[in-house]
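The values are calculated or read from the model by the stated rules, or taken from the named source; none is laboratory data. Bear in mind that the values here come from a model prediction, so they are computed numbers and not experimental data. So basically every Cβ, Gly included, is an ideal-geometry build from the backbone, and we count neighbours across all protein chains shown. For accessibility, only protein heavy atoms count, side chains too; no ligands or nucleic acids. Shrake-Rupley method; radii C 1.70, N 1.55, O 1.52, S 1.80 Å.
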Amino acid sequence: MKNIELGSIRPPSESESLLVRVTRGCHWNKCYFCGLYKSMNFSMHPIEDTIQDIKEQAALYQGRKFKSCFLQDGDALVLKTDYLLRILEALNKYFPDLEYITSYARADSITRKSPAELQELRQAGLNHLYCGMETGSDKILQLINKGFHADTVVKSGCMAKDAGMILSEFILIGIGGKEHSEENAIQTADALNMIQPDFIRVHATGIKPESKMWEFVQEGSFTLQSEEEIMIEQKLFLEKLLEMDSYYVNEHIINLLLEVRGNLRTDKLEMLSAINKFLGLSEDEKLLFIVGRRLNIFFMLDDLKKPKQYQKAQECMEKILQKNPQVDFTRLCNYVRQSQI
Ligand code: SF4
């Protein structure tokens, strides 16, 4: 039995899934904020090896029923349709209980396929795509070097939905910096209102010090936003989203308010009220929650009411201020966030 080759990255919602590596790294690998696959040259995982891995995982997990399988790494849709169909055929043969086969997909890889190809892939089992659109603003897509425009984001999302696939769109709150905060909120909401994806997966931005984006911070063309400013941007974004059947979710540890999640048709007001509750805290309590949240002392806003956690957060805050009375909380929080991705 050879070693099964796996990548290290999957969406948070695929933690229980079977993982099958079909490519290594990301063929684009040029987004200025992303360090996920920087150390890796892109290559396809040879199909015979991928199929052998599937067979070996079937032997390894004998009797275990997986509901979902995630195809790694950064964009399985870049593969030719015939190649993907062979992989899907092997998955269905060796894991007949799978209900979902999922993968990351760049918008331009989706639009390079025909509607008929997407239908064929969905019928063969590839039924959930995770797309990192990040933003609906052309200006910001260019700033981050995403490599496609907002019209491709909208077209690709609509194509995936028309093919009957489940669609998750990842978006980055704060990726335009202070300079483009309002544009990011409004234009991203506009694009999503056209696509109406099944899931809107919200991530707060954390700029990595080794990234090209950090150079923009250093030279002053990109201004980091405080946690409160990022939350104000999220509030505007959420307000602009239509009441539609999309599930909106802050699911990643990088997000400040994990409780902001729900169906946009039925839970939008409740989600906005959670954001307003945070924004309505006194300045001291807001900062205490932010610091406690970034130190993983608090997880939900209501944790502020728990005396032990409250006291622990206060002690940590005092230590931070003793060590550096002039601490820049915007930079400190960005540092923590970027370390979580
Ligand atoms: S964000 Fe996605 S497309 Fe961009 S470099 Fe990273 S993995 Fe590749």
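Taken across the range 334-341, residues that are in contact with a strand residue (DSSP E or B) (Cβ under 8 Å, 6 or more places away or on another chain), under 30 Å from C158 (Cα atoms) and either basic (K, R) or modelled with pLDDT of 95 or more (or both) do not occur at all. For residues in the range 91-106 being open to solvent by 10 Å² or more (accessible area, probe 1.4 Å) and not charged (D, E, K, R), which is nearest to C31 (Cα to Cα)? Looking at the filtered set, the residue picked out is Y104.
Taken over the range 12-32, the criterion of being closer than 30 Å to F222 by Cβ and either within 12 Å of the ligand (Cβ to nearest atom) or among the acidic types (D, E) (or both) is satisfied by G25, C26, H27, W28, N29, K30, C31, Y32.
Selection of the range 29-60 for residues being touching an Asp or Glu at 6+ places or on another chain (Cβ under 7 Å) and touching a residue at least 60 places away in the same chain (Cβ under 8 Å) yields only G35.
Every condition in (1) open to solvent by 60 Å² or more (accessible area, probe 1.4 Å); (2) at positive phi is met by G220 except one, and the failing one is (1). Run L258 past the list (1) free of Cβ contacts under 8 Å to residues at least 60 places away in the same chain; (2) open to solvent by less than 10 Å² (accessible area, probe 1.4 Å); (3) among the aliphatic types (A, V, I, L, M) and report the number of the one that doesn't hold. Only one criterion is unmet by L258, namely (2). Among residues that are under 30 Å from G174 (Cβ atoms), touching a helix residue (DSSP H, G or I) at 6+ places or on another chain (Cβ under 8 Å) and at pLDDT 95 or above, A124 is not included. Need pairs with beta-carbon distance below 6 Å; first residue open to solvent by 70 Å² or more (accessible area, probe 1.4 Å) and within the range 107-127, second part of a loop (DSSP other than H, G, I, E, B); sequence gap 6+ or separate chains. Going by the 6 Å Cβ cut-off, the qualifying pairs are R122/A163; R122/G164; R122/M165.
Listed here are the residues, each with its yes/no results for (1) under 30 Å from L141 (Cα atoms); (2) modelled with pLDDT of 95 or more.
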{"site": "M1", "(1), (2)": "no, no"}
{"site": "E5", "(1), (2)": "no, no"}
{"site": "P11", "(1), (2)": "yes, no"}
{"site": "L19", "(1), (2)": "yes, yes"}
{"site": "Y37", "(1), (2)": "yes, no"}
{"site": "Q62", "(1), (2)": "no, no"}
{"site": "D82", "(1), (2)": "no, yes"}
{"site": "A90", "(1), (2)": "no, yes"}
{"site": "S103", "(1), (2)": "yes, yes"}
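Every residue, every condition in (1) assigned to a loop (DSSP other than H, G, I, E, B); (2) out of contact with any His (no Cβ under 9 Å at 6 or more places or on another chain), yes or no:
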{"residue": "L172", "(1), (2)": "no, no"}
{"residue": "E210", "(1), (2)": "yes, yes"}
{"residue": "Q225", "(1), (2)": "yes, yes"}
{"residue": "M231", "(1), (2)": "no, yes"}
